[in-house]
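One structure is given here, and the rest of the page talks about it.
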Amino acid sequence: MILSNNFTGNSGLLTPSNINRDALQTGVAFIGATARFPRACPVMFLQKAAENGTPNLGILGIGLGASDGSRERFAALEQQDGLYTLVSKGTGGIEYKLGTLLKELVFAPDKTQEAIARLADPAITLSLVILTQSGYYYDSATGGININSADVQHDIKNPANPKTGPGLIVAAMRARMRAGVAPFTPLSCEAMAENGATLGKVVISLAEQQGDAALTAWLREKASFPCAMVDRIVPKLKDSDIAEIEKTLGYRDNMPMVTEPFLQWVLEEWKDMPASLKGALTKAGVQIVQDVKPYERAKLLTLNATHTLMAYICNSAGFTYVDEVVNDPDFAPVAHASMAETQASLQDLPGQNMKAYRKIVFERFQNPHIRHELAQIAHDGTNKIRDRQVAALRANLKIGAPIDTLCLAIAGWINWAATTENIDDRTTPDIGARAREVVKTGKLDAVMSIREAFGDDLPQDKRVTDKIDAHLKGIQAQGPRDYLLSYIAALTPAAVA
Ligand code: CS2
């Protein structure tokens, strides 16, 4: 039987919660409610705050139609009354918890007016937002919304009947302004640099494009779009996860998550953030800071950059999962070498010592219960290489720190792209052809000319191109596995410290 308000199976195995769903008032929206990452992380902090007694953290889940299968996933969530299971697996054992905050669900593509009206409710003061990076329609050239997109053009012409996430937010904000209600505060959960600020830019520029000067001015004056760093490793759901939950808990859950115990939400304090909310979130474990950027950078360079290194070169060397690599004494040193380089430009932060942080990240990678597929990490390589390896490269070049493993990761990406089929890279859809061109000609140009990743300077920088070239030729000559082993054998103790 399917999980629902009326059926929670062997709930004795679930971590008890004192939340009374009937008494919970809806005060938070969640735009993109089927996404797993926020349900596993920020929502769990809100749930903790609700368990600590904050009353108005019931969630209005809004579904968007942007990605394939979202309608089906939303219907599955509706069928379960918004309930879902969170299975966290660590060395301390398994914890089963029910996500109970999602109380109301509205699928915006079918019920746009209802979604706008509900988002305009004065009781809603916050909204989690997850749109995927492309769902922001951000145009870095103009610093606003991408007016060349057909969906955005639709929303410019039809402000009352939007299709996009930013369009929905603008319409809801307009309704609030007209009713004399303050804006809600959108909390971006995207794993992307400057997430909240980017959301603010696209929302305000869309209002501007719609010719609504009053709304544009009102948003500029009154709305806040705080940035946040959200961290929890959530591997892709497997059929066997659903089967295991059904066997153990006695109900069928089509929207669960299997994740690690670790979770972190660093949130920027915004002007007029209510002191009571700040207190409640802090007590629930959220780190409220003035500037999120250094935390975001620390995570991107320590955790995500090492993921990206492994996703390509270690995948080509025969590994399938993250934990396989870091638990293999022959190959783990390459992950250490990567972290040593990417951390070179990082400073300790309040509450976060970089050495200790690195150790925690490495142990998280080692968690054998979290089978995190390298192939899952490999998609959208251009953006990831830019935000991770290239960001670290630029910083290290500035301070004269080593860049060898960073260049190995980039060479690994090129080799992987040349040898992998059906690559999903929205920024460089022809990355496979470009990489094969590099291999064929022995010249890096076809890949280094991807400006979105390397800019105009790095293709000219011989300190970088010579190293990438040497690594790539080594990988080609010896094969990825043997090359990686010979690279690791030559690492000095300082390179992995
Ligand atoms: C990963 C991230 O797929 C990837 O690119 O590096 O999804 C990573 O697991 C999360 O950022 C962890 O919070």
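The values are calculated or read from the model by the stated rules, or taken from the named source; none is laboratory data. The structure displayed is predicted, hence computed values, not measured ones. Because the Cβ atoms are built from the backbone with ideal geometry, glycine has one as well, and the counts that use them run over all protein chains shown.
Quick one: which residue in K271, K278 is outside the structural domain of S486 (by TED's automatic domain parsing) and at pLDDT below 95?
Working: K278 fails: at pLDDT below 95.
Unique residue meeting the criteria: K271.
Residues are listed down the side, and each one gets a yes or a no for (1) loosely packed, with under 12 Cβ neighbours inside 10 Å; (2) at pLDDT below 95:
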{"site": "T420", "(1), (2)": "no, no"}
{"site": "T427", "(1), (2)": "no, yes"}
{"site": "R436", "(1), (2)": "no, no"}
{"site": "T441", "(1), (2)": "yes, no"}
{"site": "V447", "(1), (2)": "no, no"}
{"site": "A453", "(1), (2)": "no, no"}
{"site": "R463", "(1), (2)": "yes, no"}
{"site": "L472", "(1), (2)": "no, no"}
{"site": "I488", "(1), (2)": "no, no"}
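Checking the conditions here, which among L46, L105 is at pLDDT 95 or above and crowded, with 23+ Cβ neighbours inside 10 Å? Even if it seems obvious, please write down each step before you answer.
On the way: L105 fails: crowded, with 23+ Cβ neighbours inside 10 Å.
Checking each option against the conditions leaves just L46.
Quick check on my filter: what residues within segment 149-172 are hydrophobic (A, V, I, L, M, F, W, C) and over 24 Å from the mean Cα position of the chain (by Cα)?
If we filter segment 149-172 for residues that are hydrophobic (A, V, I, L, M, F, W, C), which is where we start, we get 150, 152, 156, 160, 168-172.
Across segment 149-172, the qualifying residues are A150, I156, A160, A171, A172.
With the requirement that a residue be of a type outside the set (S, T, N, Q) and touching a residue at least 12 places away in the same chain (Cβ under 8 Å), what does segment 361-375 give you? Walk me through it before giving the result.
Step one: filter segment 361-375 for residues of a type outside the set (S, T, N, Q), giving 361-365, 368-375.
If the condition is that a residue be of a type outside the set (S, T, N, Q) and touching a residue at least 12 places away in the same chain (Cβ under 8 Å), then V361, F362, R364, F365, P368, H369, I370, R371, H372, E373, L374, A375 are the ones that fit.
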- Message: Going through Q352, Q343, Q347 one at a time, which residue ends up being polar (S, T, N, Q), touching a Lys or Arg at 6+ places or on another chain (Cβ under 7 Å) and either buried (at least 18 other Cβ atoms within 10 Å of the Cβ) or outside the structural domain of Q264 (by TED's automatic domain parsing) (or both)?
- Response: Q343
- Candidates P159, P183 - the one that is surrounded by 16 or more Cβ atoms within 10 Å (Cβ to Cβ) and farther than 20 Å from I59 by Cβ: P159
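Among G99, G65, G90, which is the only one that is within 24 Å of A50 (Cβ to Cβ) and out of contact with any Leu (no Cβ under 9 Å at 6 or more places or on another chain)? So that I can check it myself, show each step before the final result.
On the way: G99 fails: out of contact with any Leu (no Cβ under 9 Å at 6 or more places or on another chain); G65 fails: within 24 Å of A50 (Cβ to Cβ).
Matching residue, one of G99, G65, G90: G90.
Looking only at segment 32-74, how many residues end up being outside any loop (DSSP other than H, G, I, E, B) and either under 16 Å from L263 (Cα atoms) or in contact (Cβ under 8 Å) with a residue 24 or more places away in the chain (or both)? Step through it out loud before you land on a result.
So the first thing to find is which residues in segment 32-74 are outside any loop (DSSP other than H, G, I, E, B), and the list is 36-40, 42-51, 58-63, 70-74.
Next cut, either under 16 Å from L263 (Cα atoms) or in contact (Cβ under 8 Å) with a residue 24 or more places away in the chain (or both) only: 36-40, 42-51, 58-63, 70-71, 73-74.
So the count comes out to 25.
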- Task: List every residue pair whose Cβ atoms lie under 9 Å apart, where the two residues are 6 or more positions apart in sequence or sit on different chains, the first residue falls within segment 425-444 and is within 22 Å of K473 (Cα to Cα), and the second residue, located anywhere, is charged (D, E, K, R) and assigned to a helix (DSSP H, G or I).
- Result: E437/D445; V438/D445; G442/D469; G442/K473; K443/E437; K443/D469; L444/D469
- Item | Within segment 260-274, considering residues that are of a type in the set (D, E) and crowded, with 17+ Cβ neighbours inside 10 Å, the one farthest from the chain's Cα centre (by Cα) | E268
- Message: Just to be sure before I move on: is Y251 more than 24 Å from the chain's Cα centre (by Cα) and either surrounded by 18 or more Cβ atoms within 10 Å (Cβ to Cβ) or within 16 Å of the ligand (Cβ to nearest atom) (or both) in the structure I sent?
- Response: yes
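For E260, state whether it is touching a Lys or Arg at 6+ places or on another chain (Cβ under 8 Å), more than 30 Å from N353 (Cα to Cα) and of a type in the set (D, E). Steps first, please.
Numbers: touching a Lys or Arg at 6+ places or on another chain (Cβ under 8 Å): yes; more than 30 Å from N353 (Cα to Cα): no; of a type in the set (D, E): yes.
Against the criterion (touching a Lys or Arg at 6+ places or on another chain (Cβ under 8 Å), more than 30 Å from N353 (Cα to Cα) and of a type in the set (D, E)), E260 does not qualify.
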- Task: For residues that are over 19 Å from the mean Cα position of the chain (by Cα), touching a residue at least 60 places away in the same chain (Cβ under 8 Å) and more than 28 Å from Y84 (Cβ to Cβ), tally how many sit in segment 275-301.
- Result: 1
- Query: If you scan segment 383-399, which residues turn out to be surrounded by fewer than 21 Cβ atoms within 10 Å (Cβ to Cβ) and either within 11 Å of the ligand (Cβ to nearest atom) or outside any helix (DSSP H, G or I) (or both)?
  - Reply: N383
- Condition broken by E78, with the remaining ones in (1) farther than 29 Å from L199 by Cβ; (2) among the acidic types (D, E); (3) touching a Leu at 6+ places or on another chain (Cβ under 7 Å) satisfied: (1)
- Message: For segment 245-253, check the following and say yes or no: at least one residue is modelled with pLDDT of 95 or more, more than 18 Å from P122 (Cα to Cα) and aromatic (F, W, Y).
- Response: yes
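In segment 429-446, what count of residues is obtained for those that are over 29 Å from the mean Cα position of the chain (by Cα) and either on the phi > 0 side of the Ramachandran plot or not hydroxyl-bearing (S, T, Y) (or both)?
So in segment 429-446, the residues over 29 Å from the mean Cα position of the chain (by Cα) come out as 436-445.
From what's left, either on the phi > 0 side of the Ramachandran plot or not hydroxyl-bearing (S, T, Y) (or both): 436-440, 442-445.
Residues that pass the stated criteria total 9.
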- Message: Restricting to segment 354-382, and then to whatever is of a type in the set (D, E, K, R) and at pLDDT below 95, can you tell me which residue is nearest to the ligand (Cβ to nearest atom)?
- Response: D380
- Selection from segment 188-232 of residues that are under 23 Å from V28 (Cβ atoms), within 16 Å of the ligand (Cβ to nearest atom) and not in a helix (DSSP H, G or I): S188, C189, E190, A191, M192, E194, C227, A228, M229, V230, D231, R232
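For segment 80-100, how many residues meet the condition of being in a strand (DSSP E or B) and in contact (Cβ under 8 Å) with a residue 60 or more places away in the chain?
Filtering segment 80-100 down to residues in a strand (DSSP E or B) leaves 84-90, 93-99.
Now restrict to residues that are in contact (Cβ under 8 Å) with a residue 60 or more places away in the chain: 84-90, 94-99.
Summing the residues that are in a strand (DSSP E or B) and in contact (Cβ under 8 Å) with a residue 60 or more places away in the chain in segment 80-100 gives 13.
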